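Engineer: Attaching a single structure in structure tokens format; questions to follow.
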Amino acid sequence: MIPPTCHDRVIAPSLLAADFSKVGEEVTRAIRAGADWLHLDVMDGHFVNNISFGPTVIQAVHEHNDIFLDVHLMISRPDRYLDDYLEAGADLVTVHVEADHDVAETLRRTREAGCLAGLALNPATPIAEVEPFLDQIDLLLCMTVVPGFGGQAFMPEVLPKVETAAGWREQRGLDFHIEVDGGIDADTAGPAAAAGANVMVAGSSTFRVPDMAAAIRSIREAR
Ligand code: DX5
Ligand code: ZN
């Protein structure tokens, strides 16, 4: 498969919104519905006020499926646990710029392991915080909700940061993806894409609707 460029729309259903009593079937459902990537939200109950799942679940998903695994670490010390996620089969590991670690070093280790490196920032974090790292990343994740829970409302005030990042990318000849995460559906994907985002994470609007394939299609086609 040809890897997507930063100009291709990528739909990444978030497993956080799946029915955890049947994770395997839920992953199959997302793949059959046309998911490009699977987004995996790791929460430690410290960086965010919620706990989700860790590397053993991701490893099981990796071993039983063939889909790109987009791992989003909402944890305070990504440097301590990074190797577990690299070994679990992540294709992309995204860490937060607000977490307690040497950001450049974590990104370097991720790429050195042959994995794509992502950097995330929360809605309240100025875009300038990620600027020093733009030539060391494969993906910039602009959170469009305060992380921790699925099902929250999209924050349009984040979109100027997406525009700024897309402008810097253009000026510097870089090619990192821009991902948005939180409250993405057929209505909010259009403005996010217009601002410059190409990777759409969607939990509630994909896993929690009757027709997941139609939902993915409508996010893909949203303008
Ligand atoms: C929020 C997570 C998201 C979440 C999105 O902390 O990072 O990935 O699953 O869920 P929805 O799409 O329901 O807002
Ligand atoms: Zn996420």
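Engineer: Quick check on my filter: what residues within the range 63-86 are within 15 Å of ligand 2 (Cβ to nearest atom) and not in a strand (DSSP E or B)?
Structural biologist: I75, P78, Y85
Engineer: Now a separate question. Is it true that V158 is under 12 Å from the mean Cα position of the chain (by Cα), within 16 Å of ligand 2 (Cβ to nearest atom), not acidic (D, E) and not in a loop (DSSP other than H, G, I, E, B)?
Structural biologist: On the way: under 12 Å from the mean Cα position of the chain (by Cα): no; within 16 Å of ligand 2 (Cβ to nearest atom): yes; not acidic (D, E): yes; not in a loop (DSSP other than H, G, I, E, B): yes.
Taking the combined requirement at face value, the residue does not satisfy it.
Engineer: Continuing with the same structure: Check whether at least one residue in the range 66-83 is more than 15 Å from ligand 1 (Cβ to nearest atom) and in contact (Cβ under 8 Å) with a residue 60 or more places away in the chain, and report yes or no.
Structural biologist: Within the range 66-83, not a single residue is more than 15 Å from ligand 1 (Cβ to nearest atom) and in contact (Cβ under 8 Å) with a residue 60 or more places away in the chain.
Engineer: Let me ask you something else. Can you pull out the residues in the range 169-184 that are free of Cβ contacts under 8 Å to residues at least 40 places away in the same chain and either surrounded by 16 or more Cβ atoms within 10 Å (Cβ to Cβ) or in contact with a strand residue (DSSP E or B) (Cβ under 8 Å, 6 or more places away or on another chain) (or both)?
Structural biologist: Within the range 169-184, V180, G182, G183 qualify.
Engineer: Does A166 qualify as being farther than 25 Å from D84 by Cβ, within 15 Å of ligand 1 (Cβ to nearest atom) and surrounded by 14 or more Cβ atoms within 10 Å (Cβ to Cβ)?
Structural biologist: No; evaluated as a whole, the condition is false for this residue.
Engineer: Which of (1) within 16 Å of ligand 1 (Cβ to nearest atom); (2) over 18 Å from A99 (Cβ atoms) does L139 not meet, given it meets every other one?
Structural biologist: With (1) within 16 Å of ligand 1 (Cβ to nearest atom); (2) over 18 Å from A99 (Cβ atoms) applied to L139, the lone miss is (2).
Engineer: For the range 58-80, enumerate the residues that are under 16 Å from P13 (Cα atoms) and more than 17 Å from the chain's Cα centre (by Cα).
Structural biologist: Passing the criteria: N65, D66.
Engineer: Quick one: which of I184, I216 is at pLDDT 95 or above, near ligand 1 (Cβ under 9 Å from one of its atoms) and of a type in the set (V, I, T)?
Structural biologist: After applying the criteria, what remains is I184.
Engineer: Filtering the range 15-50 down to residues that are assigned to a strand (DSSP E or B) and in contact with an Asp or Glu (Cβ under 6 Å, 6 or more places away or on another chain), which residue is nearest to G203 (Cα to Cα)?
Structural biologist: For the range 15-50, the residue satisfying everything is H39.
Engineer: Also, quick follow-up: Restricted to the range 185-201, and to residues that are more than 19 Å from G118 (Cα to Cα) and either touching a strand residue (DSSP E or B) at 6+ places or on another chain (Cβ under 6 Å) or among the charged types (D, E, K, R) (or both), which residue is farthest from ligand 2 (Cβ to nearest atom)?
Structural biologist: Across the range 185-201, the extreme among qualifying residues is D187.
The values are calculated or read from the model by the stated rules, or taken from the named source; none is laboratory data. None of these values were measured; they are calculated from a predicted model. Positions of Cβ are backbone-derived with ideal geometry, glycine not excepted, and every protein chain shown enters the neighbour counts.
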